[in-house]
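The values are calculated or read from the model by the stated rules, or taken from the named source; none is laboratory data. Being a predicted model, the structure only gives us computed values, none of them experimental. Here the Cβ positions follow ideal geometry from the backbone for every residue, glycine too, while neighbour counts run over all protein chains shown.
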Amino acid sequence: MSFDFRHHTAVFGGTFNPPHVGHVEAVKGLFKNPGVAETLIVPSFGTPQKTSDTSFSSRFEMTRLAFPDLTVSRVEEELKTQYTWQLLEVLSHNASRLAFVIGTDQFTQIESWANFSNLMSMCDWIVLIRKPHQLDDFSATLKKYCGDGWLQATTNSHEFVIKNGNRQLLCVETEAADLSSTEIRKSFALGKIKEVSELLPKNVFEFIERNHLYGT
C-alpha cells in the first residue's frame, strides 16, 4: 500500500505565538513529503487547552509574514472556532481532500479531543515526526491506537488506515528544527534578543520589535 497525498490540501494550524523557522521548514517539507498540492495555514482563535495573551490580529499578521506565498486563513476568528472538528467541518465544504497536520505530542493526546469519535473520519491525517529516531519512540502510541481499534497498521510502518471512514494517516519525517514558541517567548522575557532573532523569520522578528511584543 502506498498513500497518495498529491491532490490534498494540508491544513497546518497553530497558535503561532510567534511563528518560528521550525514552522516554516515543516510547511516547506510538506510539499516534498508527502508532496501535497497546497497548504492552508490556520492561526487558532483560541482553544480550551490554549490561551494567548497576544492578540489574534498580531498573531495573524506574524503568520502572514512568515508564510508570504501561502494562504493564511482567518476562518477561526470569523467563526470563533474552538475545536478542530468544527474547523474541519467548515473547511470540508471548500476542499474535497483535506489532510490535517499534527505533531506527535498532540497526537498522543488526540483521544481526549472533542468529538473524537467523528473527528478522525473527517479527513486524512499527517503526523510530523522528528528524524531519525522519533518513529521508534512513537511506535508505542501507534500500537496503542491500533489496539484501541480505530487505527489499523499496513505493511508500511509509516502508513495507517483510520477504520472509521477508511481515512489515511501518514507519519512523515520532518527536517524542521525542534523549536518551541513557549521557549522563544521565555527567551524574549530574559532579554536573549540576539539568540531569539535567529529562530524567527526576519520579518517576523522585525514585526515583534516594531510592535513591542513579548516585552521588547
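What the table below lists for this structure:
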{"item": "Qualifying residue in the stretch 47-57 (condition: crowded, with 17+ Cβ neighbours inside 10 Å and over 21 Å from ILE208 (Cα atoms))", "result": "yes"}
{"item": "Wholly within the stretch 1-79, helices (runs of 4 or more DSSP H) carrying at least 3 residues that are more than 13 Å from the chain's Cα centre (by Cα)", "result": "56-66, 75-79"}
{"item": "Members of the stretch 121-172 that are small (Gly, Ala, Ser) and within 14 Å of PHE107 (Cα to Cα)", "result": "SER139, ALA140"}
{"item": "One residue from ALA95, ALA99 being more than 14 Å from the chain's Cα centre (by Cα), under 22 Å from PHE3 (Cβ atoms), in contact (Cβ under 8 Å) with a residue 40 or more places away in the chain and outside any helix (DSSP H, G or I)", "result": "ALA95"}
{"item": "Helices (runs of 4 or more DSSP H) wholly inside the stretch 121-216 that include at least 1 residues being β-branched (Val, Ile, Thr), more than 17 Å from the chain's Cα centre (by Cα) and closer than 25 Å to VAL101 by Cα", "result": "134-148, 181-189, 202-210"}
{"item": "Residue identified as at pLDDT 95 or above, hydroxyl-bearing (Ser, Thr, Tyr) and within 29 Å of LEU142 (Cα to Cα) among THR51, THR108, THR63, THR39", "result": "THR39"}
{"item": "Members of the stretch 22-37 found to be touching a strand residue (DSSP E or B) at 6+ places or on another chain (Cβ under 9 Å) and either within 17 Å of TRP125 (Cβ to Cβ) or among the aromatic types (Phe, Trp, Tyr) (or both), listed by number", "result": "ALA26, VAL27, GLY29, LEU30, PHE31, ASN33, PRO34, VAL36, ALA37"}
